[in-house]
């Protein structure tokens, strides 16, 4: 039992260990419980914390592999935020294995940031990269956040991005949210992006739904998109449906 407890604690500590940082003073702080309050600095400063990822990553290091390369990938990543004048200016995700250059700026690593706290904070951020960061979190809560963004965000661009990343997570809830956007989103461009998102689902999920869109969608441009992406699947069910339509 002691061995098991020690192993579990080691896993927690590893996940919270700061990445390798050069060219800048590194400070480690415990998470206070409020990211919005803690990510504050008048002068330019990098902040970071660890998250569990939806799927294993393979050394996200701007194309430069670190040594050693984890052949099986890693299920953790570092969320990095550049703050100046108490405002987040940049948000990046990197593998915890990446060696980081802080560019002479202070680097503050926060330990103990929960997925719930991370998602709640990222949802409030106006920058595009926040949706990507949300999508990389493990767990159903991240899916729920993406569904909410896809349905309710006022920005058509954010809704489109949320739909794309929902497709990468797959599952019944994601598929239902994508279909809902095709039917109910007021913007034709978002509807088209939702059709593309359907084509990114696993074929057993996406193909039947694309066929249904072809059968029921009244918007001719959206229906045209559904036919196009259906053909790109090269699925026997899709080809049979298209042939049936063309021969009638």
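The values are calculated or read from the model by the stated rules, or taken from the named source; none is laboratory data. In this text the structure is predicted, and so the values were computed from the model without any measurement. Reconstructed Cβ throughout: ideal geometry from the backbone, glycine too, with neighbour counts over all protein chains shown.
The table below gives the values:
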| item | result |
| --- | --- |
| Residue among 230, 239 that is assigned by TED's automatic domain parsing to the domain that holds residue 175 and crowded, with 19+ Cβ neighbours inside 10 Å | 230 |
| Test for residue 176: is it assigned by TED's automatic domain parsing to the domain that holds residue 147, in contact with a helix residue (DSSP H, G or I) (Cβ under 9 Å, 6 or more places away or on another chain) and surrounded by fewer than 15 Cβ atoms within 10 Å (Cβ to Cβ) | yes |
| Candidate set: segment 8-63, residues that are assigned to a loop (DSSP other than H, G, I, E, B) and at pLDDT below 70; chosen: the one surrounded by the fewest Cβ atoms within 10 Å (Cβ to Cβ) | 63 |
| Pair list, Cβ under 6 Å, 6 or more apart: segment 84-102 residue at positive phi, other residue surrounded by fewer than 17 Cβ atoms within 10 Å (Cβ to Cβ) | 86/40 |
| Matching residues in segment 184-208 - criterion: being farther than 13 Å from residue 163 by Cβ and surrounded by fewer than 21 Cβ atoms within 10 Å (Cβ to Cβ) | 186, 188, 202, 203, 204, 205, 208 |
| Top-ranked residue in segment 121-149 [being touching a residue at least 40 places away in the same chain (Cβ under 8 Å) and more than 16 Å from residue 47 (Cβ to Cβ); ranked as farthest from the chain's Cα centre (by Cα)] | 139 |
| Contacts under 8 angstrom Cβ, first residue in segment 26-38 being more than 12 Å from residue 112 (Cβ to Cβ), partner in a strand (DSSP E or B) and modelled with pLDDT under 95, 6 or more apart | none |
| Qualifying position, being at pLDDT below 90 and not assigned by TED's automatic domain parsing to the domain that holds residue 167, among 91, 96 | 96 |
| Matching strands (runs of 3 or more DSSP E) fully within segment 67-152 where at least 3 residues are exposed (fewer than 14 other Cβ atoms within 10 Å of the Cβ) | 87-95 |
